[in-house]
1. Can you give me the Cα centroid spacing of region 106-126 and region 149-177 in angstrom?
2. With axes computed from alpha carbons, what is the tilt in degrees of helix 20-33 against the longest principal axis of the chain, rounded to the nearest 10 within 0 to 90?
3. Explain nothing, just the number: relative contact order of region 9-202, from Cα pairs under 8 Å at least 6 residues apart, as a whole percent.
4. Using unit Cβ charges (K, R positive; D, E negative) and no other charged atoms, how large, in debye to the nearest 20, is the dipole of the chain about its Cα centre?
5. In the chain, what % of DSSP beta bridges are antiparallel (nearest 5)?
6. Against the longest alpha carbon principal axis of the chain, how many degrees, from 0 to 90 and to the nearest 10, is the axis of helix 100-109 turned?
7. If the only charges are +1 at each Lys and Arg Cβ and -1 at each Asp and Glu Cβ, what is the size of the charge dipole of region 83-144 around the Cα centre, to the nearest 20 debye?
8. What are the residues whose amide H is under 5 Å from the amide H of Leu39, where those residues sit 5 or more places off or on another chain and H is modelled from the backbone?
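Bear in mind that the values in this text are calculations on the coordinates, not laboratory data. Bear in mind the structure is a predicted one, so any value in this text is a computation, not a measurement. Ideal geometry is used to build each Cβ from the backbone, glycine not excepted, and the neighbour counts take in all protein chains shown.
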Amino acid sequence: MNAGKRGALIIFEGCDRSGKSTQSQLLVALLNSKGIPALPMNFPERSSIIGQVINSYLTNSKDLPDEVIHLMFSTNRWEHMNYIKQNLHEGRTVVVDRYSFSGVAYSAAKGLDFDWCYAPERGLIKPDAVFYLRAPPADLTNRTQYGEERYEKVEFQGRVAKVFDRICSEQGSYWHQFDATKPVEDLHAQIASITEELLPKVGTQPLEMLS
Ligand code: Z5A
Ligand code: MG
């Protein structure tokens, strides 16, 4: 246990149906089973007022200009920053299903300028690790419920994947890339092993911000 130490901010990123929710839930369950306090979160967080608007947009019942929905996704992260910070400082590891990088990847894939998309993310808490579940989008179309939400089209997902690849190569060593077509259990074992090495290291490190 991490007495007196902060928790880690761990993010799962990747294209639709790459297994982010599956892996983040497995990781939270594993940590809690070992007595390591861990909390799941996901973005968009659909219960807030802003989250409800985002949900209407994603389920195709509301249309908004690309710039407006982009800033709403970012605002949705900002409105939860104090909550995340407090949990980290209280020693809980926060495992988040999608974060700023999804924000940039989906909006840049629509044609918005990459730097413009990244700008509102600056100042949010920088993750201690990003687990990037990577797979050619065409390999994910046979997974459950693919195609129900707004962005679930293979051609669009291909553009999203390219932006994720760019971010992965630019962000460097705190990004860990996995082949999302591997079995769930294999991926979980690799992710668990990196997390177990990470937690004692970050416990005494100050939080950093995305820059
Ligand atoms: N979005 C955005 O535009 N801007 C932003 O800032 C943010 C998000 C934060 C909703 O996200 C949309 O919001 C999303 C991006 C955009 N695009 N769309 N549409 P979401 O996170 O709420 O989406 P979701 O509904 O949770 O789906 P998902 O995240 O794409 O799926 P996933 O979590 O990656 O996959 P999963 O639910 O874990 O697994 C999918 C299925 O595959 C399931 O049946 C599993 O049992 C199966 N699975 C999982 N892993 C494997 C492996 N390894 N092998 C075989 N089968 C597997
Ligand atoms: Mg999910």
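1. 13
2. On a 0 to 90 degree scale, this one is about 20.
3. Numbers: 265 pairs, mean separation 64.5, N = 194.
Taking the mean separation of contacting Cα pairs over the length of region 9-202, I get 33 percent.
4. 360
5. 5
6. Between the helix axis and the principal axis of the chain, the angle is about 20 degrees.
7. In total the dipole reaches around 100 debye.
8. Under 5 Å from the amide H of Leu39 lie the amide H atoms of Thr93, Val94, Val95, each far enough along the sequence or on another chain.
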